[in-house]
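Here the structure is laid out as structure tokens; the discussion comes afterwards.
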Amino acid sequence: MGLVMFYHLTRTGPDATLQTLLQRGLAAGWRVMIRGGDAAALDRLDVRLWLEPEDGFLPHGREGGPHDADQPILLGQGLPVNGAQALALIDGADVAVDEARGMERVWAIFDGGDQEAVAAARGLWTRLTEGGVAAQYWSEESGRWEKKAEKLPAV
């Protein structure tokens, strides 16, 4: 099980991409953990998720509250204590091979204009695929999302 989808952002901001993925995850009936590498960025995202999208509310909470386990979407830097089936990685957050295998979906979202983020995503791709996790690489360079690469585990 487990599929890691790498989203190489070149046109869309991380918040817009993340909101689309969160809506898909909730529609699939999944709980989601958003793991970020920067606490201040998670605080800003928390505010944005209360205000956007305009056409619907994304129920969520910030890690460290009394109801973390009940949150459909939990923002934090730790483990998915909300029973998440999907994990979104932003701002250089990481995932272990075993954790990725246990998820229905991992979304690794990174800024294509940030060479350090691109290098980190490449390293994550290599570590996860060598660990037997299926992965897809998606790019929006053409103006729409296109799958550019896929690596499936050996059978």
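The values are calculated or read from the model by the stated rules, or taken from the named source; none is laboratory data. What you are looking at is a predicted structure, and each value in this text was computed from that prediction instead of being measured. Cβ atoms come from the backbone with ideal geometry, glycine included; neighbour counts cover every protein chain shown. Just the protein is used for accessible areas: all its heavy atoms, side chains included, with ligands, DNA and RNA removed. Shrake-Rupley method; radii C 1.70, N 1.55, O 1.52, S 1.80 Å.
Each stretch of four or more DSSP H residues adds -39500 (n - 2.57); spread over every residue of the chain, this sum gives -9500 deg cm²/dmol at 222 nm. When a/c reaches 1.5 or more, the comparison of a/b and b/c decides; with that in mind, is the range 53-117 rounded, prolate or oblate per its Cα gyration tensor? In terms of gyration-tensor shape, oblate.
The angle between the Cα long axis of helix 39-51 and the longest principal axis of the Cα atoms of the chain comes to about 60 degrees, rounded to the nearest 10. Per residue, the range 45-143 exposes an accessible area of 49 Å² to a 1.4 Å probe, with every protein chain left in place. Between residue 140 and residue 38, the modelled label-to-label distance comes to 1.8 nm, taking each label 7 Å out from Cα in the direction of the beta carbon.
Database remark: amide H of residue 107 closer than 5 angstrom to the amide H of 5, 87, 88, 89 (H placed geometrically; neighbours at sequence offset of 5 or more, or on other chains; Pro and chain starts carry no H). Under the shape rule built on the C-alpha gyration tensor, where the axes satisfy a ≥ b ≥ c, the range 101-149 is oblate, since a/c reaches at least 1.5 while a/b does not exceed b/c.
Between the listed residues 133, 117, 153, the Cα displaced farthest toward the positive end of the dipole of the range 89-155, a dipole computed from Cβ unit charges relative to the Cα centre, is found at 153.
Of the solvent-accessible surface of the chain, computed with a 1.4 Å probe over protein heavy atoms with every protein chain present, carbon and sulfur atoms account for 51 percent.
Remark: relative contact order (the range 12-155) = 19 percent; criterion is Cα-Cα distance under 8 angstrom and separation of 6 or more residues. Axis angle, to the nearest 10 degrees, between helix 14-27 and the longest C-alpha principal axis of the chain: 80 degrees.
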